[in-house]
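The values are calculated or read from the model by the stated rules, or taken from the named source; none is laboratory data. This one's a predicted model, so the numbers in the text were calculated from it and none came from an experiment. Note that each Cβ is placed from the backbone with ideal geometry, even for glycine, and that neighbours are counted across all protein chains shown.
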Amino acid sequence: MEAIKQDEAEAMPAAESSETAQQLDEILQYKAIIQQTMKRYWARPPSARNGMVVTLSISLLPGGEVKSVVIDRSSGNSAFDNAAVQAVQKAGRFSVPPDPQLFDRHFRNFKMRFKPDDLRY
């Protein structure tokens, strides 16, 4: 599985300008923790092939509990898509920053991209 990627690519330059270097470091640290958590729960299905990508929309509660996970964009392979959803559900909770503003801006709602290669944020 390749990527856990927040759907903030367009918003990041603006967010970066309003956040301190320390806050950006904290955001990156928590993204890395989420990446490691997903590696623990990801079970690549036998039908997974290079080039597959599924994008999930994930909502978290302030304590990091998974509120919801839905397929935003399917890979076209239901086993692969379901394995990604199950990984999030099995994790059940992610470490998130205690700062409510950072949580709301970067972790309350985000998108994750899964590819069968490896897992990167």
For residues that are touching a helix residue (DSSP H, G or I) at 6+ places or on another chain (Cβ under 8 Å) and crowded, with 17+ Cβ neighbours inside 10 Å, scanning just the stretch 46-59, find the one that is modelled with the lowest pLDDT. ALA48
Quick check on this structure: which one of VAL96, VAL66 is at pLDDT 95 or above, crowded, with 16+ Cβ neighbours inside 10 Å, in a strand (DSSP E or B) and on the phi < 0 side of the Ramachandran plot? VAL66
Is it fair to say LYS115 is at pLDDT 95 or above and out of contact with any helix residue (DSSP H, G or I) (no Cβ under 9 Å at 6 or more places or on another chain)? no
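I need a count of the residues in the stretch 42-63 that are within 17 Å of the chain's Cα centre (by Cα), free of Cβ contacts under 8 Å to residues at least 60 places away in the same chain and assigned to a loop (DSSP other than H, G, I, E, B). Steps first, answer last, please.
Taking the stretch 42-63 and keeping what is within 17 Å of the chain's Cα centre (by Cα), we get 42-44, 52-63.
Subset that is free of Cβ contacts under 8 Å to residues at least 60 places away in the same chain: 43, 55-63.
Filter once more, keeping what is assigned to a loop (DSSP other than H, G, I, E, B): 43, 61-63.
Counting residues in the stretch 42-63 that are within 17 Å of the chain's Cα centre (by Cα), free of Cβ contacts under 8 Å to residues at least 60 places away in the same chain and assigned to a loop (DSSP other than H, G, I, E, B) gives 4.
I'm trying to understand the selection: among the residues of the stretch 69-78, which are surrounded by fewer than 13 Cβ atoms within 10 Å (Cβ to Cβ) and on the phi < 0 side of the Ramachandran plot?
First pass over the stretch 69-78, keeping only residues surrounded by fewer than 13 Cβ atoms within 10 Å (Cβ to Cβ): 70, 76.
The answer is VAL70, and nothing else.
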